[in-house]
Every structure is written in C-alpha cells, then in structure tokens.
1. Using the per-residue mean of other Cβ atoms lying within 10 Å as a proxy for protection, in what order, highest first, do the peptides 70-83, 46-59, 23-36 fall?
2. With bins 10 Å wide starting at 0, give me the P(r) of the range 1-81 over every alpha carbon pair, in whole percents.
3. Work out how far the C-alpha atoms of the range 1-41 reach from end to end along every principal axis, then list the three figures in whole Å, largest first.
4. Tell me, what is the FRET efficiency for Ser55 and Met4 to the nearest 0.05, using R0 = 41 angstrom and their Cβ-Cβ distance as r?
Amino acid sequence: MMTMTATVTHTAALARLGHALSDQTRASVLLALRESPAYPSDLADALGVSRQVMSNQLACLRGCGLVEAVPEGRRTSYRLADAHLAPALDELLRVVLHVEPGCCAGENCGCA
C-alpha cells in the first residue's frame, strides 16, 4: 500500500474533518448523507433537532468543505462534497478504540 505524503493542505483538511466529527449532530449529518442526499428538514426530523440547529450545523459543514448545497427549485438538498468521504466515514466506523477505564465517564472525562 502506497502512503501519501501529508501536506499543509492535507493537515488542514483533516483538522476540518475532525472539527466536524467533534459534534454529535454534525457527525450524524455526515453519516446520514453518506447514504444519500437529504433535505435539511428531513435531517432535522431524523436526528431530533430543530430546523435552526440543522441550518447552523449544515452551514458549519459547508464552511468546512464537507457538504454542498444542491438547489432543487424552491428547496435545497445537501450531499457530501467529495465522493471519497462516504467510504472514509465507513472505514472510520470500523475503527476500534481502546478507551481507558474511567477516562470518558461523566465529569472525569479528560478528552473534551
């Protein structure tokens, strides 16, 4: 397997992805969009958040370059901005993390 050399651009892109994944709603949006494009109202309903929250999260994901808006008449759907992102998210779901006992439990979590 050939390893790519990471550039400053790659590092910045990974930082944006990390920022997006650091929020549960944004992570859920990305995971939902890997299946198919969706409308903001449908995403909000499926994830149990308000439409305003969804609008803010989609704006963040657009700003990070991870999703794009697709105008469809009077409505706009959203999709992943790059076809490589869906399989990358699938691979991330396969990652098994070893969490130290007690590390991420309640107020004692040192990860946040």
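1. Order by mean packing, descending: 23-36, 46-59, 70-83.
2. Reading the bins upward from 0: 18, 49, 23, 9, 1.
3. The principal-axis extents, from largest down, are 40, 22, 14 Å.
4. The calculated FRET efficiency here is 0.75.
All of the numbers you see were taken from the coordinates with simple rules; none came from a lab. Being a predicted model, the structure only gives us computed values, none of them experimental. Reconstructed Cβ throughout: ideal geometry from the backbone, glycine too, with neighbour counts over all protein chains shown.
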